[in-house]
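Read-outs throughout are calculated quantities, based only on the coordinates presented, and are distinct from any laboratory measurement. In this text, all values refer to a predicted model and were calculated from it rather than measured experimentally. Here the Cβ positions follow ideal geometry from the backbone for every residue, glycine too, while neighbour counts run over all protein chains shown.
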Amino acid sequence: MTDNEKPINFIQQVINNDLEAGAVTKVVTRFPPEPNGYLHIGHAKSICVNFGLAEQYGGGCNLRFDDTNPEKEDDEYVNAIIEDVRWLGFQWQGDICYASNYFDQLYSWAQYLINQNLAYACELNAESMREYRGTLTAAGKNSPFRERPAAESLALLEQMKNGDIDEGRMTLRAKIDMASPNINMRDPVMYRIKKMAHQRTGDTWNIYPSYDFAHGQEDAIEGVSHSICTLEFAANRPLYEWFVANLPLPSQPRQYEFGRLNLNYTVTSKRKLKQLVDEQHVEGWDDPRMPTISGLRRRGVSATAIREFCDSLAVAKTDGVVDMAQFEHFIRDDLNNNARRAMCVIDPLLVTLSNYPTDTGEEFVVPGHPNRDDLGERSLPFAQQIYIDRNDFSEDTTLSRKKFKRLVIGDYVRLRSAYIIRADEVIRDASGKITEIVGSIVPDTVGADAPEGIKARGVIHWVSAADSADCTVKIYDRLFNQAAPDAGEESFLEHINPDSLKVVEGCKVERGLTAAVAGDHYQFEREGYFTRDNKGSELVFNCTIGLRDNWKA
């Protein structure tokens, strides 16, 4: 292995061995989300692993929706997931798959297990079933319906399917081992009654298969060779293998688990993310503070940054927590290399240059990116009146040049890609607030050094007063102010960062950015990285990330 080669992970080792032994001829993986919420950054790692392995080995990856619970599922989530996977740059093989495509086949296999004396209709209610199930330290006990004749269970299953039995009155359970140390093997439920329409099958079914019963069989139908999931499903693998071993399946898939991506300063439980949305702590699943892929996209994080971040993480057999700063490093690195430069004055202060002609204007042509000729050029109109940021001016002439490298009354500063100017006086309103600076340019200093005796304190950004555009800027911070917001006894909601969103109206931006579209990336010089919001027709820019990490200890 050369220094530039990455060591292979344990899943790649398994695949290599399977190919060498001829156990598989084509690598087929799958990404199987349940459509009960939007995808988040943790799913992104799973997407990258599954699609990445299929691509590496010249195989295919299926996109399959495990839509076995109509109570929590919705087409909105289906469409959002499809968009996210496609936006990340992946393409599934063949048509999109759905667990609901296989409901008839799964039902036939349930009948097969009953006939093999490996499943039975059980009339224990939920409370009794929990009691009979036992605990982690005490074995369970058999249901009184466990030895029900196959013909009777088959008839009851048909009645369940036809809607003749009330919800909660009966389930279909696999007959495995109530004394198993693995609670998942203690006669798990295969079907439960839910008299609820399904988004794809309508009112056809009154019973729906459990995830554990459906999952492995779906893999087998689709010819999945390596069923890769996250570590919390490790305890379910014996059940996965039991169904595979006891059913006449068209193929024999295997399940492998790797550590999920946990990111600090956020939560990735879909239940908790849904709570944030439902209780309006955020404005929706795509709120730019959310760790959802759609939220990250709206915030301006690129698909490339997400993929490179996920590819940098180990595919290991243990869980771990990744520092948010590591993710943010990939975001900044990507945007620094690819975001066009622009200037936006967030808190505008008018500057009138008294020695610049009122009837004269100039256009300064500057690069779109200092190191990317392929990103073209942009034009900066210049006239007698400009805006600078209020934070870039001070009346305090005692401030040292080292401490304040901006405009000070009676001193000089360079405007980015333009003149050196001096602040001469201030104009105030009736309340005493500064409303305007009267200054002057130093002639012949565009693209040239200052004359002898003049030294600019630093470089500040600006826009033309007449040729700029009004915009709103949304500055985002981490949604939570605790590294592990859901780790304590108190609610994770108590750790929401009250300063996670700041909306600033009345900002001034280069006129060329009126044509900006969502997904374009800009570095607003000296401010941070921004993209146009994808909601509404107003000119709104979302801050993707600051130029520096302000969370460092």
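Annotations for the structure displayed:
- Selection among Thr398, Thr445, Tyr419 by position relative to the dipole of segment 348-461 gives Thr398 as farthest towards the positive end (Cβ unit charges, Cα centre).
- Relative packing of peptides 194-200, 182-188 - highest average C-beta neighbours within 10 Å first: 182-188, 194-200
- For the chain, the longest principal axis of the C-alpha atoms and the axis of helix 237-246 are separated by about 40°.
- Antiparallel %, DSSP beta bridges [both residues in segment 348-461], to 5: 70
- Base-10 log of normalised Debye intensity for segment 10-258 (one unit scatterer per alpha-carbon) at q = 0.08, 0.10, 0.15, 0.17 Å⁻¹: -0.33, -0.51, -1.11, -1.33
- Of all beta bridges that DSSP places with both ends in segment 10-258, some 50 percent have antiparallel geometry.
- When only alpha carbons of segment 348-461 are considered, Rg and Dmax amount to 14.8, 50 Å.
- Using equal-weight Cα scatterers in the Debye expression, the normalised intensity of segment 315-390 in log10 at q = 0.11, 0.14 Å⁻¹ is -0.53, -0.71.
- Three-way shape label, segment 65-110, alpha-carbon gyration tensor, a/c 1.5: oblate
- At R0 = 22 Å, FRET efficiency that the Cβ-Cβ distance of Ser269 and Asp166 yields, to 0.05: 0.10
- The residue among Gly432, Pro357, Pro381 whose Cα reaches farthest toward the positive pole of the charge dipole of segment 348-461, with charges on the beta-carbon of Lys, Arg, Asp and Glu, is Gly432.
- Tensor-based shape of segment 256-344 (alpha-carbon gyration tensor, a/c under 1.5 rounded, otherwise prolate or oblate): oblate
- Rounded FRET efficiency, nearest 0.05, which uses the C-beta distance separating Leu399 from Glu363 and R0 of 35 Å: 0.55
- Cα shape, segment 432-553, gyration tensor, a/c 1.5 rule: prolate
- Among residues other than Ala342 with Cβ under 13 Å from its Cβ, the summed charge is +3 (Lys and Arg +1, Asp and Glu -1).
- On the basis of the beta-carbon distance and an R0 of 41 Å, Asn371 and Leu249 show a calculated FRET efficiency of 0.15.
- Isolated Cys residues of the chain, judged by Cβ distance under 4.7 Å to other cysteines: Cys61, Cys97, Cys122, Cys229, Cys344, Cys471, Cys507, Cys543
- Residues of type aspartates and glutamates that Lys175 reaches as a straight line, Cα spacing below 20 Å, ignoring anything fewer than 8 places off in the same chain: Glu123, Glu127, Glu131, Glu147, Glu152, Glu158, Asp187, Asp212, Glu241
- The chain: radius of gyration over Cα atoms, expressed as a fraction of 2.2 N^0.38 Å: 1.27
- Dipole of the chain [Lys/Arg +1, Asp/Glu -1 at C-beta], most positive-end residue of Asn36, Val473, Leu513: Asn36
- The charge dipole of segment 1-123, taken about its Cα centre with unit charges on the Cβ of Lys, Arg, Asp and Glu (plus for the first two, minus for the last two), comes to roughly 420 debye.
- DSSP-defined antiparallel bridges as percent of all bridges, the chain, nearest 5: 65
- Sorted peptide list for 420-433, 218-231, 502-515, criterion being average Cβ within 10 angstrom, highest first: 218-231, 502-515, 420-433
- Label-to-label distance, nm, for residues given as Ala234 and Asp319 (7 Å Cα→Cβ offset): 1.0
- Rounded to the nearest 20 debye, dipole of the chain from Cβ charges on Lys, Arg, Asp, Glu: 860
- Assigned charges on the beta-carbon of Lys, Arg, Asp, Glu; segment 348-461 dipole about Cα centre (debye): 620
- Helix 75-87 and the long axis of the chain differ in direction by around 60°, with both axes built from C-alpha atoms.
- Here the spin labels are modelled as points 7 Å beyond Cα on the Cα-Cβ line, and at Gln13 and Glu152 they lie 5.1 nm apart.
- The separation of segment 479-541 from segment 429-474, counted between C-alpha centres, amounts to 26 Å.
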